[in-house]
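Engineer: For reference, the structure I am asking about is given below.
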Amino acid sequence: MRCPYCGHLEDKVVDSREAGEGQATRRRRECLGCSRRFTTYERIEEILPAVVKKDGRREPFDRKKILEGLTRACQKRPVSAAQIEALIAAVERQVQELGEKEVPSRVVGEAVMARLRELDPVAFVRFASVYRSFEDVGDFMSELEGLAGRKGGGGA
């Protein structure tokens, strides 16, 4: 492992522990060149299906895209980075468990929204407004009414 500080190629592992609900191993390393410590994560390389976009394009599954969307939606909300990471890991597992080589982007988006709805309703509406491309206030209000109905508080 190349040291991120000095580029030296030799290090020693100082500590190892499970991370991400057993999906990864976190290792603290000490560079044998400069003696600085750094952290690495080791995870099983999983073969995730290609995502088929609405226009028919195919892209590799990209957790970074989901992370960026969730980070924007959860901005200034009481949602931790660990909760976002757990949500993404759950969606990855769900997509992988389908056992398909390709999965429609709609399946990924709906899986994210289903979990986000439970985690933080405001972040859910933010994410849904971008994902579903709300055209006007009516679309936005319809989503809010549906959310209020699920909570049991929709109506006068």
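Throughout, read-outs are computed from the coordinates displayed, never taken from laboratory work. Everything quoted here is computed from the prediction, not taken from an experiment. Because the Cβ atoms are built from the backbone with ideal geometry, glycine has one as well, and the counts that use them run over all protein chains shown.
Engineer: Among 44-54, 107-117, what's the highest-first ranking by average C-beta atoms within 10 angstrom per residue? Kindly include the intermediate steps, with their values, before the conclusion.
Structural biologist: On the way: 44-54: 12.5, 107-117: 18.9.
The peptides rank, most packed first, as 107-117, 44-54.
Engineer: Here is a further query. Please compute the contact order of the chain in relative form: average sequence separation of alpha-carbon pairs under 8 Å and at least six residues apart, divided by the residue count, as a percent.
Structural biologist: Working: 175 pairs, mean separation 23.1, N = 156.
It rounds to 15 percent for the chain.
Engineer: Using only helices, what value at 222 nm comes out for the chain when you add -39,500 (n - 2.57) per DSSP H run of length 4 or more and divide by the total residues, to the nearest 500 deg cm²/dmol? Working shown, then result.
Structural biologist: Values: 5 runs with 69 residues, N = 156.
Using -39500 (n - 2.57) per qualifying helix, the result is -14000 deg cm²/dmol.
Engineer: Just to confirm a number: summing +1 for Lys and Arg and -1 for Asp and Glu over residues other than Glu30 whose beta-carbon lies under 13 angstrom from that of Glu30, what do you get? Walk me through the intermediate numbers first.
Structural biologist: Details: positive: Lys12, Arg27, Arg28, Arg29, Arg36, Arg37; negative: Glu10, Asp11, Asp15.
Once all neighbours under 13 Å are counted, the net charge is +3.
Engineer: Sort 62-73, 2-13 by packing, meaning the average of other beta carbons within 10 Å per residue, with the highest value first.
Structural biologist: Numbers: 62-73: 15.3, 2-13: 12.9.
Peptide ranking by packing, descending: 62-73, 2-13.
Engineer: Turning to a different aspect of this structure: Looking only at Cβ-Cβ distances, which cysteines of the chain have no other cysteine closer than 4.7 Å?
Structural biologist: Cys74
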